[in-house]
Each structure stands twice: as C-alpha cells, then as structure tokens.
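Bear in mind these aren't lab numbers, they're just calculated from the coordinates by the rules spelled out. Given the structure is predicted, the values throughout are model-derived calculations rather than measurements. All Cβ positions, even for glycine, are placed from backbone atoms using ideal geometry, and neighbour counts span all protein chains on display.
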Amino acid sequence: MRDRGISAHPRRRAPARGGVAVSGGTAAAVALAAAAGLAGSVQIAVMGRLGQRIGTLEALAFATVLSLVLVLALLLVFRQSLAGLAEGARAPLWMWAGALMGAFIVFTITYAGPRIGTTATIGLLIAGQLTMGALIDRFGLFGLEQIPLSGPRVLGILLLAVGAALSLHRVT
C-alpha cells in the first residue's frame, strides 16, 4: 500500500519553551482541524434544517450521495484514478467502521440539532470525541501509537463534559 505522502507517525519535534512545537505538516493539520470544527458547526445547522424539510433519513441519504460525487471528483482530479477504492475494499472489515461512524454522526447531528440546539449538539459530540480519543490514545487502539493521559488532558475533557452538560440548559 502506498503512503501517498501522509505519515501515520510524523516525526515529533521538541516543544518550544512554554508552548507546543508545530512543524509544517502539523500546522496544516491544525488548520484543517480548526476549519473542520467551523464546518461541523455549520453542518449541524444546515443538516438539521434539511432534515426538518425532507426527513432525517432522506437528508442523510442526500448528503451521502452528494459527498460521494464530490469525493469521487476529487479523487479523479488529484489522483487521476479510483484504484484506492479497490484497496479500501480489500482492507479488514473493522476498518470500514469509519463509514458507519460517519453515517451515524451525520444522522445524529441531523436529528439532534433542531431538538437540542447546535451548541448542545456540538458540545456533546466533542465531549464524546475527546473521551473516546483519550481512550484510543491511552491504549493505542486500532494500532495507533500509545499516548499517555496527562493531568491537563483529563482536566480538559472534564471541563468540556461540564460545558456540554451546561449547554443543554435553555433560558425560557
């Protein structure tokens, strides 16, 4: 399997005094993650409205088909091939869970956003992601590098959980 220029374990640099070292690849990852966070908030609002208009499952199906067309076009433009799809089909079945999780997440935000609000949906989603991310890192699940839990990481997760719970409170 080809690397395609993306390393599973990028070289780590020593953090700058009082901060975190950011290499070019890491800076791009941080920027993309921040942009995805902004996009995710918009996605919750837009998918919630679409789900109210045409139905939750219909909105999920529509978004999935539209995403498929967009990503296939990107593959053809940037890779000039769809061969990677065959490689994915031969991957172990547990690796296909990403597609199931993606569909579940989009279904959930489409359903939850209009009912509990965008902020609460985001807070709960992120709290769950950080909790599971910490467990994946801590135990090196899915063949990833083990990263120990530190006090600041645990505190951040706990604070986010409190924030998520508070975001469910609506002033009436």
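Quick notes on this one:
- Label-point separation in nm, V69 to I147, each point 7 Å along Cα→Cβ: 3.7 nm
- For L50, the shell of other residues with beta-carbons less than 15 Å away shows a net charge of +2, using +1 for Lys and Arg and -1 for Asp and Glu.
- Phi to ³J(HN,Hα) by Karplus 6.51 cos²θ - 1.76 cosθ + 1.60 over the range 102-108, Hz, x for Gly, Pro: x, 5, 5, 5, 5, 4, 5
- Charged-residue dipole, Cβ positions (Lys, Arg, Asp, Glu), the range 38-167 about Cα centre, Debye nearest 20: 180 debye
- Label-point separation in nm, L57 to V162, each point 7 Å along Cα→Cβ: 4.2 nm
- Derived scalar couplings between HN and Hα for the range 152-168 equal x, 5, 4, 4, x, 5, 5, 4, 5, 4, 5, x, 4, 5, 5, 5, 6 Hz in order, rounded to whole Hz, by the Karplus curve 6.51 cos²θ - 1.76 cosθ + 1.60 (θ = phi - 60°), x for Gly and Pro.
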